[in-house]
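Structure first, commentary second.
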Amino acid sequence: MDSTAYLREVMENLDRLRGNRKLSGLKLEKDIDQAKEAVEYSIRYMVRDNIEYAKSLREKSFEILSKVETLKQAPIPKALVDDLKLFLKYCKMSVYEFTDRIRDVRRAYRSYLWGMIIFLLLGGTYRIEFAVSAIVLAFPIILAMGGLRRRRETGLMLAYATMPLPMVIFVMMLTYAFYAFNNPEEISFIASAYGVSTEVAYLLVALVSLGSLVGLILLSYALKKLVENRYAFF
């Protein structure tokens with residue numbers, strides 16, 4: 001059997017789980033529907049024949065279905081509920097095992113990586129507090145990068161947690177750059193503080209504003225794609 005045949009059996013078992021009255025009290029209908037849609041998408045747009053993953057999904061679907069159908073006690077055991085939720089999660093992940101949707105995750109990772117590199121480089125150019133923020137966030141950012149690369153949920157959570165502050169700082173730096181460009185006195189102050197000419201001060205402000213804009217765009221894109229592809233992480 002190929003992956004498609006295994007996945008079709010998974011879809012059939014998901015339908016049987018969806019119609020089983022014993023699960024009606026768990027309110028998992030939406031999750032089951034999403035899992036089925038993911039498996040169906042994987043079949044339709046398959047570019048990789050990951051037989052091992054498809055086979056493991058099939059075996060797990062039969063295992064869960066057998067446990068549910070033979071269940072006699074009224075309250076469903078928590079262990080079985082947890083197994084079912086985990087199985088549904090892996091069904092949703094199938095999209096990233098069989099199709100080219102994994103490219104979105106890789107793009108999000110690269111956007112996060114370069115956005116944070118820009119933040120760490122520019123963090124101390126505006127205010128000393130931002131330099132401290134960059135130092136404090138450096139370790140969580142590195143952990144998030146490693147987690148995202150390995151598609152770990154902890155990496156995803158760390159990425160979510162570390163993006164808001166750099167994005168706010170980028171906005172503040174852009175606001176300051178706009179203010180400086182429209183106030184010659186501020187440019188003169190920057191030139192005096194750095195010991196450079198007015199022309200170089202304008203260039204520095206332009207570089208900081210460009211870096212902030214690029215960093216903001218990269219992190220915004222990364223956040224959007226990571227939210228859209230959150231089921232890729234386990």
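Throughout, read-outs are computed from the coordinates displayed, never taken from laboratory work. From a predicted model like this one, the values you see are computed outputs, not experimental measurements. Glycine gets a Cβ as well: all are built from the backbone with ideal geometry, and neighbour counts include every protein chain shown.
Things worth noting here:
- The listed peptides 42-50, 15-23, ordered by packing as a protection proxy, come out as 42-50, 15-23 (highest mean of other Cβ atoms within 10 Å first).
- For segment 102-232, a crude dipole built from +1 on the beta carbon of Lys and Arg and -1 on the beta carbon of Asp and Glu, taken about the Cα centre, is about 1000 debye to the nearest 20.
- Across all directions, the average projected area of the convex hull around the alpha carbons of the chain is 16.0 nm².
- Semi-axis lengths, Å, segment 102-232, gyration tensor of Cα atoms, sqrt of 5 times eigenvalues: 32, 14, 10
- Counted by Cβ distance under 14 Å from Ala201, the other residues give a net charge of -3, where Lys and Arg count +1 and Asp and Glu count -1.
- Legend: distances between Cα atoms for Lys78/Lys224; Lys55/Lys224; Lys55/Lys85; Lys72/Lys92; Lys22/Lys224; pairs beyond 27 Å are Lys78/Lys224; Lys55/Lys224; Lys72/Lys92; Lys22/Lys224.
- Inter-part distance where segment 143-209 and segment 59-103 are each reduced to a Cα centre, Å: 45 Å
- Net charge dipole, the chain: roughly 820 debye, given to the nearest 20, about the Cα centre with Cβ charges of +1 for Lys and Arg and -1 for Asp and Glu.
- With a Förster radius of 30 Å applied to the beta-carbon distance between Glu186 and Arg110, the computed FRET efficiency rounds to 0.30.
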